[in-house]
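Engineer: Quick one: the structure is below, and I'll ask about it shortly.
The values are calculated or read from the model by the stated rules, or taken from the named source; none is laboratory data. Just so we're clear, the structure is a prediction, and the values are computed from it rather than from any experiment. Cβ atoms come from the backbone with ideal geometry, glycine included; neighbour counts cover every protein chain shown. Remember, those area values only see protein heavy atoms, side chains included, never the ligands or the DNA or RNA. Shrake-Rupley method; radii C 1.70, N 1.55, O 1.52, S 1.80 Å.
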Amino acid sequence: MRPLRLRLLLLCAALLVTVPPGPAVAGEPAAPAPAGPRPLDQVIPAPASVRPGGEPYTIGERTVIRVPKGSAEAREVGEYLAALLRPSTGHRLPVTARPGPDGIQLRLGGPEELGGEGYRLDVSPRAVVVRARAAAGLFHGVQTLRQLLPADVEAREERPGPWQVAGGTVTDAPRYAYRAAMLDVARHFFTVDQVKRYIDQLALYKINTLHLHLTDDQGWRIAIDSWPRLATYGGSTEVGGGPGGYYTKDDYREILRYAASRHMTVVPEIDMPGHTNAALASYAELNCDGVAPPLYTGIKVGFSSLCVPLELTYDFVDDVVREIAELTPGPYLHIGGDEAHRTSHEDYVAFMDRAQRIVAKYGKTVIGWHQLTGAEPAEGAIAQYWGTTGKEADVAEAARNGTRLILSPANRSYLDMKYDEDTPLGLAWAGYVEARQSYDWDPGSYFEGVPEEAVLGVEAPLWSETIETTDHIEFMAFPRLPGIAELGWSPASALDWEAYRTRLAQQGPRWELMGIDYWRSPQVPWND
């Protein structure tokens with residue numbers, strides 16, 4: 001929850017926010033974009049508060065980017081911004097620690113109420129000033145600045161401009177600490193460069209967590225030195241029988257480094273005790289009968305299980321968790337725990353108890369799918385909800401008893417669900433999930449019997465049974481991903497479908513310049 005002072009500040013500022021023009025009716029041509037710079041509230045996620053006013057700032061050939069002296073992190077944000085703006089504007093945009101009253105200024109400081117990720121953006125004819133208490137806030141402020149510029153700013157060749165930012169002030173901070181997207185690299189493998197591209201797209205919408213689903217029945221995607229066949233054999237295939245692949249430890253470190261440069265935490269998932277056929281096929285001794293099953297390339301679930309009574313199972317879990325924990329600087333390690341249909345309830349409870357203790361032993365906080373609440377969540381454990389009703393009693397009871405929740409309702413936030421019956425990709429077991437259904441719910445009141453303070457945040461998972469390429473990822477993620485990002489960042493009072501879909505339509509030209517082949521939902525008045 002935000003401190004009271006910030007909530008009062010945002011409430012007062014909200015009274016001054018500009019009201020966006022009414023949206024066009026779906027299926028009709030959108031109204032032409034107004035002349036002049038984009039209004040300060042026409043970005044995604046919706047800012048917490050906006051106070052428009054004054055003349056705009058224009059980026060020109062003499063613009064410099066000023067960063068605090070002695071802060072390597074702030075300079076990195078400045079260099080990121082310069083690299084983004086230089087190709088399209090054609091301007092030099094030098095990054096300097098020399099003080100001055102003009103240019104684009106990234107400043108560290110500001111009120112405590114902004115927290116570690118909030119920022120304040122002040123725009124006058126002489127300067128654009130982004131203030132934040134930490135570099136993450138500067139980075140998020142830069143994403144707002146980026147969206148306030150014309151979509152042409154995303155071009156990789158020089159465009160004419162003008163490059164104007166509307167005058168006024170944005171004061172902004174996230175509603176939830178955890179705002180995530182998940183990429184399933186186990187069903188189909190995606191390269192380091194493909195993951196980096198997705199990270200860049202997530203960063204535009206202030207997502208701060210990348211959940212990597214690294215292991216499943218169809219593939220094991222991370223090298224483990226103490227059990228090398230997990231990757232070399234267990235990672236040698238994928239759904240449909242393709243070549244699969246895996247990340248070396250250096251590959252994984254590069255993903256972590258790149259994510260950190262976008263102020264994003266990586267949460268690795270090692271799914272257990274079910275979804276483990278790739279591991280069981282790699283090592284016969286992990287099976288209760290000592291016989292390794294064949295590698296699996298289908299999409300059925302629930303048929304595999306680690307051998308709970310076998311002590312070697314826990315040596316295996318300990319080795320894997322230790323090596324992953326040593327590599328991963330973030331606080332979380334996801335242990336899966338869903339669809340363990342071949343594991344009895346008694347065995348499931350026993351296994352999850354030991355697995356959670358192993359994770360704690362190596363200094364990480366457990367995240368598990370919400371079936372974890374049917375066992376005994378460890379103190380501090382986090383349950384990720386993927387159901388469709390928000391009414392499961394054991395989940396609500398666990399939340400009331402201190403287990404925090406990440407909300408990923410499958411019929412709202414699963415990016416692999418089909419948009420409609422004609423969608424060429426995806427599944428439909430949770431129903432069709434169009435843009436409005438994905439956006440039009442409130443995480444704070446979604447789950448029956450769960451206090452809002454128990455909600456840690458939201459996540460948009462993208463499972464890859466039918467997803468094989470970067471184009472597939474982007475077609476399924478856009479336009480739904482920005483809506484989930486807004487649910488995680490923006491205050492509940494800002495969540496309004498009619499206003500949102502107008503802002504969403506304005507993202508279309510930006511995505512086209514970024515090379516994103518998005519689903520042109522008929523619910524959104526795209527600017528054709």
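Engineer: Taking Lys249 as the anchor, which aspartates and glutamates have their alpha carbon closer than 14 Å to its alpha carbon, excluding any fewer than eight residues away along the same chain?
Structural biologist: The qualifying aspartates and glutamates are Asp225, Glu323, Glu326.
Engineer: Between Ala393 and Ala83, what is 0.36 nm times their sequence separation minus the Cα-Cα distance? Round to one decimal in nm.
Structural biologist: 106.6 nm
Engineer: How much accessible area per residue does the chain have, in Å², with a 1.4 Å probe?
Structural biologist: 38 Å²
Engineer: In degrees between 0 and 90, to the nearest 10, how far off the longest principal axis of the chain does helix 4-14 point, with axes built from Cα atoms?
Structural biologist: 50 degrees
Engineer: For Cys288, project a label point 7 Å along Cα to C-beta. Then give me every residue of region 339-372 with its amide nitrogen under 20 Å of that point.
Structural biologist: So the set is 339-355.
Engineer: While we're here: Taking the dipole about the Cα centre of region 149-225, with the C-beta of Lys and Arg at +1 and of Asp and Glu at -1, give me whichever of Leu202, Val170, Pro150 is farthest to the positive side.
Structural biologist: Val170
Engineer: Only Cα pairs under 8 Å and at least 6 apart count here; give the relative contact order of the chain as a rounded whole percent.
Structural biologist: Worked out over the chain, it gives 15 percent.
Engineer: Using only Cα atoms and rounding to the nearest 10 degrees, what angle (0 to 90) does helix 311-327 make with the longest principal axis of the chain?
Structural biologist: 20 degrees
Engineer: Whole-Hz ³J(HN,Hα) for each residue in region 119-130, computed from phi via Karplus 6.51 cos²θ - 1.76 cosθ + 1.60 with θ = phi - 60°, x for glycine and proline: what do you get?
Structural biologist: 7, 10, 10, 10, 10, 10, x, 8, 7, 10, 10, 10
Engineer: Something else about it: What list of ³J(HN,Hα) couplings, whole Hz, do you get for region 430-440 from phi and the Karplus terms 6.51, -1.76, 1.60, once you set θ to phi - 60° and write x for glycine and proline?
Structural biologist: Running phi through 6.51 cos²θ - 1.76 cosθ + 1.60 with θ = phi - 60° gives 9, x, 7, 10, 7, 4, 5, 4, 5, 9, 8 Hz.
Engineer: If packing is taken as the average number of other Cβ atoms within 10 Å across a peptide's residues, how do 185-196, 147-158 rank, most packed first?
Structural biologist: The peptides rank, most packed first, as 185-196, 147-158.
Engineer: Between Asp319 and Ala97, what FRET efficiency comes out of the Förster formula 1/(1 + (r/R0)^6) with R0 = 41 Å and r the beta carbon distance, rounded to 0.05?
Structural biologist: Calculated value: 0.35.
Engineer: Starting from the amide H of His211, placed 1.01 Å from N in the peptide plane, find each other amide H under 5 Å away whose residue is 5 or more places distant or on another chain.
Structural biologist: HN-HN under 5 Å from His211: Ala181, Met182, Leu183, Val267.
Engineer: What's the magnitude of the charge dipole for the chain around its Cα centre, counting Lys and Arg as +1 and Asp and Glu as -1 at the beta-carbon? Answer in Debye, nearest 20.
Structural biologist: With Lys and Arg at +1 and Asp and Glu at -1, about 2460 debye.
Engineer: Here's another thing I want to ask about it. Using the beta-carbon distance between Glu158 and Asp200 and R0 = 25 Å, what value does 1/(1 + (r/R0)^6) give for FRET efficiency, to the nearest 0.05?
Structural biologist: The calculated FRET efficiency here is 0.75.
Engineer: Skipping prolines and chain starts, which residues have an amide H placed within reach, meaning under 5 Å, of the one on Gln105, given they are 5 or more residues away or on another chain?
Structural biologist: The list, which skips near neighbours in sequence, is Arg66, Val128, Val129, Val130.
Engineer: If you average the C-alpha positions of region 374-435 and of region 90-157 separately, how far apart do those two centres end up, in angstrom?
Structural biologist: Distance between centres, Cα-based: 35 Å.
Engineer: Sticking with this one: With each label point set 7 Å from Cα along the Cα-Cβ vector, what nm distance links Leu427 and Glu311?
Structural biologist: Distance between the two pseudo-spin positions: 3.8 nm.
Engineer: Stretched out fully, how many nm does the piece from Arg62 to Lys300 gain, at 0.36 nm a residue minus the Cα gap?
Structural biologist: 79.7 nm
Engineer: Here's something else I'd like to know. At 7 Å along Cα-to-Cβ for each site, give me the label-to-label distance between Asp353 and Val192 in nm.
Structural biologist: Between Asp353 and Val192, the simple spin-label model gives 4.2 nm.
Engineer: Same structure again: List the residues whose amide H sits under 5 Å from the amide H of Val455, counting only those 5 or more places along or on another chain, with H placed 1.01 Å from N in the peptide plane.
Structural biologist: Leu405
Engineer: Under 16 Å from the 7 Å Cα→Cβ point of Glu326, by amide nitrogen: which residues of region 225-247?
Structural biologist: Within reach of a label on Glu326, which here means backbone N under 16 Å from a point 7 Å along Cα→Cβ, region 225-247 contributes 225-229.
Engineer: If you don't mind, another one. Express the relative contact order of region 232-345 as a whole percentage, based on alpha carbon pairs under 8 Å and six or more residues apart in sequence.
Structural biologist: 34 percent
Engineer: When only C-alpha pairs under 8 Å and at least 6 residues apart count, what is the relative contact order of region 380-494, in percent?
Structural biologist: It rounds to 29 percent for region 380-494.
Engineer: Using just the helices of the chain, give the 222 nm mean residue ellipticity in deg cm²/dmol: DSSP H runs with n ≥ 4 each add -39,500 (n - 2.57), and the total is spread over all residues, rounded to 500.
Structural biologist: Result for the chain, helices only: -9000 deg cm²/dmol.
Engineer: Tell me the trypsin sites (Lys or Arg not before Pro) within region 273-370 that lie in a loop according to DSSP and have at most 12 other beta-carbon atoms within 10 Å.
Structural biologist: Answer in residue order: Lys300.
Engineer: Taking all protein chains in place and a 1.4 Å probe, what share, in percent, of the accessible surface of the chain do carbon and sulfur account for?
Structural biologist: C and S fraction of accessible area: 52 percent.
Engineer: Next up: Could you compute how fast region 288-370 diffuses translationally, taking Rh as the Kirkwood radius over C-alpha pairs and applying Stokes-Einstein at 20 °C with viscosity 1.002 mPa s? Give it in µm² per second.
Structural biologist: Reported coefficient: 153 µm²/s.
Engineer: Can you tell me the 0 to 90 degree angle between the C-alpha axis of helix 480-489 and the longest principal axis of the chain, rounded to 10?
Structural biologist: The angle comes out near 80 degrees.
Engineer: Mind grabbing the base-10 log of I(q)/I(0) for region 60-203 at q = 0.09, 0.17, 0.19, 0.20 Å⁻¹? Debye formula, identical points on the C-alpha positions, no solvent, two decimal places.
Structural biologist: Values, matching the q order: -0.30, -0.99, -1.18, -1.27.
Engineer: For q = 0.09, 0.10 Å⁻¹, what log10 I(q)/I(0) does the chain give under the Debye formula with an equal point scatterer on each alpha carbon and no solvent?
Structural biologist: The Cα Debye sum returns log10 ratios of -0.65, -0.80.
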